[in-house]
Amino acid sequence: MTKALKGFLSVTFILLLGGLYTGEQIFFIGFGVCVSILFYSLITALWVMLDFNYTQSISPTQVTKGSKAVLQMEIHNDKLFIFPFIKIHYQTLESKITGSLKASACSILPLQQHIIREEILCNIRGRFPLGITKVEISDLFNLFNFTFDLTTKSYYRPLYLDVWPRILHLDNLPIPQIEHEGNLNANMMTTQEFSHISDIREYHFGDPLKKIHWKLSSKLQELLVKNYETDTQPKILLFIETSFSKNKDIISYQIEDQIIECATAIIYYLLSNWISVELIIYSTTRQELSARNPQDFDRIYDFLAQLTFSSSFSITDVLRMEYHTLNSGTGVFLIAKNLSPQLFNTLFLIKDSNISILLFYIRNPHNQKKEEQQIIRELEDKGINTIVVDIDKRLDKILEVL
């Protein structure tokens, strides 16, 4: 019960007592007016609450990180009395991260509408619920205040915004030299050609220019492409740390976002250069996705855009479980968000098995720990290439400096 309602009921009760005690008509008139106001206030407030009319939309519903979307909400007053006070609580992209709602208060004249327009900068990958969740309604005299949860109503329809990771185009990637059986070395970093030519075929759309056999093409006046022996192509395994974080805050979301962005950039670079890659993920279950050419990228991209970080396994656990599947000559790419002595020992064990490792460590630059810095130095000393990616930097810019 509001203070205004308490005061108004007190005045109404005093007028009633005055009329009963004195018999004066003026007291009964005042009492009748007060009762009419109470009745009008209650009926109009309940009517607005029970017949709340709104529309909302998000445009576009799917964007790439760094783009903008527009959330528009319209509150309609199709009745013949004024909506004196309506407070709308609604979700934006930050609401999922911070747990807070934004609010907008308004009054709406009869047969009019109120429009709330919110421009959203989509700077975090993920799927975000948007729109109105709670409504506060007050009558003309502020006697009755009602609050209701719109999400519990049968007519409520959730509104979602999908933010997909942006695709960074890397000019180069420090892929380590990989040893193959038969004493064959494939230094992809310098040549990115893997073996001897096995045959010549016609050019297909999407083939990289560097695989075109220019001499033979000029003689025969048609584009011909060199095929390499498939057993000499380096095998790249990409592991992503998807362990679940308790009490997630904005930093946790930024770290996860950076992991996905780095994975997307690495896979795009490898497939653009016709380097096969196997993506191994431990989320709710173990998932493995193989890709061999640029046409496979969209499938991997769709998967990464919707990936959730819900694994109960640390990256050290994952590598220990996968260790028996790693063969000599394999290249392992690892994107991790936690460095520990256990991970260091596991990586050194893998490296000692003639397996090349490239580690991308995603970190918060404002929370650097001495233990992690020491582990990074020791990894480099052991010949395990480590690239540190701060959450406020882009991988392509970091590699340009390197």
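The values are calculated or read from the model by the stated rules, or taken from the named source; none is laboratory data. The shown structure was predicted, so the numbers you read here are calculated from the model rather than taken from an experiment. FYI the Cβ positions are ideal-geometry reconstructions off the backbone, even for glycines, and counts take in every protein chain you see. Side chains are part of the model used for accessible areas, which takes the heavy atoms of the whole protein and leaves out ligands, DNA and RNA. Shrake-Rupley method; radii C 1.70, N 1.55, O 1.52, S 1.80 Å.
Descriptive notes on the structure:
- From the options L334, L349, residue that is assigned to a helix (DSSP H, G or I) and out of contact with any helix residue (DSSP H, G or I) (no Cβ under 6 Å at 6 or more places or on another chain): L349
- When the range 295-350 is filtered for residues that are under 20 Å from the mean Cα position of the chain (by Cα) and aromatic (F, W, Y), the ones remaining, listed by number, are F297, Y301, F303, F309.
- Only residues that are among the hydrophobic types (A, V, I, L, M, F, W, C) and touching a Lys or Arg at 6+ places or on another chain (Cβ under 9 Å) were counted in the range 38-66, giving 3.
- Identity of the residue in the range 353-387, open to solvent by 30 Å² or more (accessible area, probe 1.4 Å) and under 25 Å from L270 (Cβ atoms), that ends up nearest to the chain's Cα centre (by Cα): R363
- Test: S107 is surrounded by fewer than 18 Cβ atoms within 10 Å (Cβ to Cβ), farther than 20 Å from W164 by Cα and of a type in the set (S, T, N, Q): yes
- Residue pairs whose Cβ atoms lie under 7 Å apart, sitting 6 or more positions apart in sequence or on different chains, and linking a residue in the range 389-401 that is under 12 Å from D257 (Cβ atoms) to a partner that is exposed (fewer than 13 other Cβ atoms within 10 Å of the Cβ), are D392/P365.
Per-residue answers, yes or no, for (1) open to solvent by less than 40 Å² (accessible area, probe 1.4 Å); (2) not in a helix (DSSP H, G or I):
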site	(1), (2)
K6	no, no
V11	no, no
G19	yes, no
F27	no, no
C34	yes, no
I43	no, no
I58	yes, yes
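- Among the residues of the range 39-64, those identified as under 16 Å from K134 (Cα atoms) and β-branched (V, I, T) are V48, T55.
- Within the range 105-125, the set of residues being out of contact with any Pro (no Cβ under 6 Å at 6 or more places or on another chain) and within 30 Å of A305 (Cβ to Cβ) comprises I116, R117, E118, E119, I120, L121, C122, N123, I124.
- Residues in the range 254-294 that are of a type in the set (F, W, Y) and either at pLDDT below 90 or outside any helix (DSSP H, G or I) (or both) were compared, and the one that is surrounded by the most Cβ atoms within 10 Å (Cβ to Cβ) is Y282.
- Check on F144, in contact with a Ser or Thr (Cβ under 8 Å, 6 or more places away or on another chain), in contact (Cβ under 8 Å) with a residue 60 or more places away in the chain, over 22 Å from P158 (Cα atoms) and open to solvent by 30 Å² or more (accessible area, probe 1.4 Å): yes
- G206 vs. criteria at pLDDT below 75 and closer than 24 Å to Y301 by Cβ: yes
- Among the residues of this structure, T346 counts as one that is among the polar types (S, T, N, Q) and open to solvent by less than 40 Å² (accessible area, probe 1.4 Å).
- Among the candidates K351, K370, residue that is in contact with a strand residue (DSSP E or B) (Cβ under 8 Å, 6 or more places away or on another chain) and free of Cβ contacts under 8 Å to residues at least 40 places away in the same chain: K351
- The criterion of being of a type in the set (A, V, I, L, M), touching an Asp or Glu at 6+ places or on another chain (Cβ under 9 Å), surrounded by 15 or more Cβ atoms within 10 Å (Cβ to Cβ) and modelled with pLDDT of 90 or more holds for I88.
- Screening L307, L343, L339 for residues that are in a loop (DSSP other than H, G, I, E, B) and free of Cβ contacts under 8 Å to residues at least 60 places away in the same chain leaves exactly one candidate, L339.
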